[in-house]
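Undergrad: My structure is below; once you've seen it, I'll send some questions.
The values are calculated or read from the model by the stated rules, or taken from the named source; none is laboratory data. Computed from a predicted structure; not experimentally measured. Cβ coordinates were reconstructed from backbone atoms using ideal geometry, including for glycine residues, and neighbour counts include every protein chain displayed.
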Amino acid sequence: MTAPPPFHRIRVADVITETPDAHSLVLAVPPALAAAFAYRPGQYLTVRVPDDGGPVARCYSLSSSPHTGEQPKITIKRVRDGQASNWICDHVRPGSTLDLAPPAGTFTPGSLDDDLLLLAGGSGITPVMAIIKSVLAGGTGRLALVYANRDADSVIFRAELAALAGDRLEVVHWLDSERGAPTAAALAGAVQAYGNREAFVCGPEPFVVVAQQALQKAGVPAERVRVERFELEAVAGDGPDATAEVTLDGQTHLLPWPAGKRLLDVIVAAGLNPPFSCRQGQCGACALRLLDGEVELVNNEVLEEEDFADGYILACQALPRSEHVSVTYY
């Protein structure tokens with residue numbers, strides 16, 4: 001069984017308002033934890049915040065670069081009815097402390113000397129920004145960024161991107177208010193000239209789907225496309241309220257499972273200690289077996305058909321689709 005990541009209490013040194021809906025938190029990591037919080041560009045931190053039903057944990061990407069000497073910084077955009085994002089934006093101030101797990105994630109370039117194509121939608125710019133700053137500061141690679149947003153006021157890091165743009169960084173802003181929502185055909189035309197580069201795609205699921213289609217049209221092989229999805233937090237009322245029967249470490253617990261809440265959050269809120277890591281459906285650390293009932297997985301990038309045949313699901317992505325669900329960890 002994979003052990004859950006340790007959480008450390010870290011002080012917030014500063015809060016930066018990037019847009020009306022997005023805040024960056026500058027973190028004062030103490031010297032004793034510097035090694036534990038060393039990170040690669042494109043990685044994320046897991047943040048645990050309080051909630052009426054118990055603590056919830058969410059992953060937020062680092063928008064800072066380990067190659068520029070700046071303090072670690074994560075960027076959070078409000079999500080409508082989002083438990084964690086709204087709590088952070090409403091309550092966290094300079095001097096506040098947060099429970100953070102060390103960096104994780106594989107959305108990182110193999111070399112800072114490679115030429116890269118970057119496609120970001122909305123808050124998907126966060127890990128991409130870390131990659132941009134790292135390549136410009138610590139490598140020789142050339143970068144092309146296509147960044148899609150609703151309108152000009154929604155552009156996170158707009159001034160910073162303008163300052164960084166130059167010979168090695170080309171920035172194309174795609175604003176829905178001016179050009180309409182991006183389509184696969186239109187995006188393919190925008191990235192056609194960079195089809196020989198490795199591509200990094202980050203954003204909400206609809207943008208990711210369109211971007212992947214565009215890259216396919218532009219001739220970029222699937223194995224040269226790296227993807228990071230920024231999911232919307234589950235909203236209460238999505239599906240039925242349920243009861244989860246959870247067997248963990250030889251003990252069985254009956255837990256109320258509110259509609260729209262991820263199973264992992266329910267288990268953690270009950271004071272149990274389940275295994276988990278990425279919380280994005282990418283690592284499989286939270287896998288457990290479904291014995292009875294039905295669930296829906298919001299995202300899955302690790303389980304295959306034979307895993308589903310054996311009953312495995314991901315606790316971090318599971319939403320209830322029946323009134324009683326029985327699961328077990330082995």
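Undergrad: Within the stretch 298-324, take every residue that is closer than 17 Å to Cys59 by Cα and in contact with a Gly (Cβ under 8 Å, 6 or more places away or on another chain) and give me the one that is modelled with the highest pLDDT.
TA: Only one residue fits best here, namely Leu314.
Undergrad: Looking only at the stretch 228-245, filter to residues that are over 16 Å from Ser322 (Cβ atoms) and surrounded by 18 or more Cβ atoms within 10 Å (Cβ to Cβ); which one of those is modelled with the lowest pLDDT?
TA: Selected residue: Ala234.
Undergrad: Sticking with this one: Could you grab me the full set of residues in the stretch 158-189 that are part of a helix (DSSP H, G or I) and either within 25 Å of the chain's Cα centre (by Cα) or charged (D, E, K, R) (or both)?
TA: Arg158, Ala159, Glu160, Leu161, Ala162, Leu164, Asp176, Glu178, Arg179, Ala184, Leu187, Ala188, listed by residue number.
Undergrad: Now for a separate question. Whether any residue in the stretch 238-258 is under 28 Å from Ile125 (Cβ atoms), in contact with a Cys (Cβ under 6 Å, 6 or more places away or on another chain) and of a type outside the set (Phe, Trp, Tyr) is what I want to check.
TA: Initially, the stretch 238-258 is screened for residues under 28 Å from Ile125 (Cβ atoms), giving 238.
Add one more test, that the residue is in contact with a Cys (Cβ under 6 Å, 6 or more places away or on another chain), and what stays is none.
No: zero hits.
Undergrad: For the stretch 205-290, which strands (runs of 3 or more DSSP E) that fit wholly inside it have 1 or more residues that are closer than 27 Å to Gln192 by Cα and of a type in the set (Val, Ile, Thr)?
TA: In the stretch 205-290, 225-229 are the strands (runs of 3 or more DSSP E) which contain 1 or more residues that are closer than 27 Å to Gln192 by Cα and of a type in the set (Val, Ile, Thr).
One line per residue, one yes/no per condition, for (1) assigned by TED's automatic domain parsing to the domain that holds Gln43; (2) at positive phi; (3) free of Cβ contacts under 8 Å to residues at least 24 places away in the same chain; (4) among the small types (Gly, Ala, Ser):
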| residue | (1), (2), (3), (4) |
| --- | --- |
| Gly122 | no, yes, no, yes |
| Gly138 | no, no, no, yes |
| Gly141 | no, no, no, yes |
| Leu145 | no, no, no, no |
| Ala159 | no, no, yes, yes |
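Undergrad: May I ask you to list the residues in the stretch 312-330 that are assigned to a loop (DSSP other than H, G, I, E, B) and not aliphatic (A, V, I, L, M)?
TA: Hits for the stretch 312-330 are Cys316, Gln317, Arg321, Ser322, Glu323, Tyr329, Tyr330.
Undergrad: Does Val92 satisfy the criteria of being farther than 22 Å from Phe276 by Cβ, touching a strand residue (DSSP E or B) at 6+ places or on another chain (Cβ under 7 Å), assigned by TED's automatic domain parsing to the domain that holds Ala214 and surrounded by 14 or more Cβ atoms within 10 Å (Cβ to Cβ)?
TA: Considered against the rule, which asks whether it is farther than 22 Å from Phe276 by Cβ, touching a strand residue (DSSP E or B) at 6+ places or on another chain (Cβ under 7 Å), assigned by TED's automatic domain parsing to the domain that holds Ala214 and surrounded by 14 or more Cβ atoms within 10 Å (Cβ to Cβ), Val92 comes out as no.
Undergrad: Next question, about the same structure. If I ask for residues that are over 16 Å from Gly203 (Cα atoms) and either modelled with pLDDT under 85 or among the aliphatic types (A, V, I, L, M) (or both), which ones from the stretch 37-79 would you list?
TA: If the condition is that a residue be over 16 Å from Gly203 (Cα atoms) and either modelled with pLDDT under 85 or among the aliphatic types (A, V, I, L, M) (or both), then Ala38, Leu45, Val47, Val49, Pro50, Asp51, Asp52, Gly53, Gly54, Pro55, Val56, Ala57 are the ones that fit.
Undergrad: Looking for something closer than 25 Å to Ala214 by Cα, over 21 Å from the mean Cα position of the chain (by Cα), surrounded by 17 or more Cβ atoms within 10 Å (Cβ to Cβ) and aliphatic (A, V, I, L, M) - is there at least one such residue anywhere in the stretch 108-126?
TA: Yes: the stretch 108-126 contains one or more residues that are closer than 25 Å to Ala214 by Cα, over 21 Å from the mean Cα position of the chain (by Cα), surrounded by 17 or more Cβ atoms within 10 Å (Cβ to Cβ) and aliphatic (A, V, I, L, M).
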